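Asks: This structure is in structure tokens; I'll ask about it shortly.
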Amino acid sequence: MSYIIDRRLNGRHKSMVNRQRFLDRYKAQIRESVADAASKRSITDMERGESVTLPTKDISEPTFHHGQGGARDMVHTGNKEFITGDKVPRPQGGGGHGSGQASNQGEGEDEFSFSLTQEEFLNFLFEDLALPNLIKRRLAGVETWEWQSAGIVSEGNPAKINIVRSLRAATSRRIALGMGKRRSINEKEAELALLLSQEINPATVASIAELREEISKLRNTPRKIPFIDTFDLRYNHHIKVAKPSAQAVMFCIMDVSGSMSQATKDMAKRFFLLLYLFLKRNYEKIEVVFIRHHTSAKEVDEQEFFYSRETGGTIVSSALKLMNEIITARYPANEWNIYGAQASDGDNWSDDSPLCQQILSEQIIPAVQYFSYIEITPRQHQALWLAYEELEAEHPDYFAMQQIIEASDIYPVFRELFARKPA
């Protein structure tokens, strides 16, 4: 009989295994609650956990009960108040513990509420998402290493002993060393059978007795072959090898011009924060380049990207030119998986939109794995969207566009752009 002991630490009055089963069973309902919470949160509390409420009807368990009809024998306890034929009044409802108002009709049950941890919340938030077309790999530079199995060896650490292979070697050794005695027994038994088949005489009787004595000695000789020897021990061998690492860089381009209202900028920041959390959580070797632009573009750090209040006019091509310069200088297209995400309200100089289309078509899209454009506006599409539509038609696998009208659209748009596609 085998025993499996789970030594993972559980919180007080909690079961990790049962909790995971519960999360898996009601994944669809929990995912809806997580999506709703993500659309309502500010950029400062996106990483915290969440309280989830499930309707009682969704978590009710199936039960078996007696159906209508049929003959049943039932035994009830007696009483001193009622006899056969008495009508028992319906019990009157007492005071409840709910927060609703009193009513003279209807019935129901309280909803079931529980809290998701930060880890569980982010797991549901980024479930089934992936960077598209992540294929380029390289072995140069700083590598990640991993231990891989390299077969069986006769010398090694006792902690890595391979019991099955060691016992197999011991069995083979015992069989090989015991082969001579078994061969002698077989030969003596053949001689004994031959003598027994011949006519019995005094000389034959002496030979038969001698053979039987030798066979008995051979069989009763104590086994001097050890069950297992140090020679039999085998060990698992592991070697450290370089793991091919998929290098990726994401360019986050945000419009901070005067046409972008504070509410529009806040939605753009929330989208990029979702993207930033997704990248840092799901990919070990990932670099993020933040670019803010109005009439001019500038590469900034994370703090300035999300919290700077600088503004100005609008020339979108300045950001795309800067992105192309950074790719040329630091991220060779043959070694890096390059991605871009641009958020804007679509307002741009009319002469600049064709230039943006040209830069993307001739310089950026040939170098990137995927480029997404998010237009944040409740109005009709602007000139930049119209210019980008031709790019989407020409490069459907490498260029995508989505529109965000209100905050509740951010998370669905994010999932639409980075949904895991079948291989």
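Asks: Summarise the accessible area of segment 291-373 (1.4 Å probe, protein heavy atoms) by the percent that is carbon and sulfur.
Replies: 48
Asks: Moving on to the next point. Taking only protein heavy atoms into account and a 1.4 Å probe, give the accessible area per residue of segment 247-393 in Å².
Replies: 39
Asks: Roughly what would the spin-label model give for ALA206 and GLU406, points 7 Å off Cα along C-beta, in nm?
Replies: For ALA206 paired with GLU406, the spin-label model returns 11.8 nm.
Asks: Search the structure for amide H atoms under 5 Å from the amide H of ASN337, placed 1.01 Å from N in the peptide plane, and list their residues when 5 or more places away or on another chain.
Replies: GLN247, ALA248, VAL249
Asks: OK, next. Which order, highest average first, do 291-297, 153-159, 339-345, 73-79 follow once you tally other Cβ atoms within 10 Å for each residue and take the mean per peptide?
Replies: 339-345, 291-297, 153-159, 73-79
Asks: Given LYS160/LYS240; LYS188/LYS217; LYS27/LYS285; LYS269/LYS298; LYS265/LYS298; LYS285/LYS321, which pairs have Cα atoms separated by over 21 Å?
Replies: With Cα atoms farther than 21 Å apart: LYS27/LYS285; LYS285/LYS321.
Asks: Quick one: check the C-alpha center-to-center distance for segment 226-288 versus segment 148-216, whole angstrom.
Replies: After rounding, the separation between the Cα centres reads 60 Å.
Asks: A further question follows. Using +1 at the Cβ of each Lys and Arg and -1 at the Cβ of each Asp and Glu in segment 238-386, identify which of ALA263, ILE253, ASN337 lies farthest towards the dipole's positive end.
Replies: Highest projection toward the positive end goes to ASN337.
Asks: Oh, and also: How large, in percent, is the carbon and sulfur part of the accessible surface of segment 170-225 at a probe radius of 1.4 Å?
Replies: Accessible surface attributable to carbon and sulfur in segment 170-225 totals 56 percent.
Asks: Still on this structure: Under the rule a/c < 1.5 gives rounded, and otherwise a/b versus b/c splits prolate from oblate, where does segment 206-310 land using the Cα gyration tensor?
Replies: prolate
The values are calculated or read from the model by the stated rules, or taken from the named source; none is laboratory data. Everything quoted here is computed from the prediction, not taken from an experiment. No Cβ is skipped: glycine too gets one built from the backbone with ideal geometry, and neighbour counts run over all protein chains shown. Remember, those area values only see protein heavy atoms, side chains included, never the ligands or the DNA or RNA. Shrake-Rupley method; radii C 1.70, N 1.55, O 1.52, S 1.80 Å.
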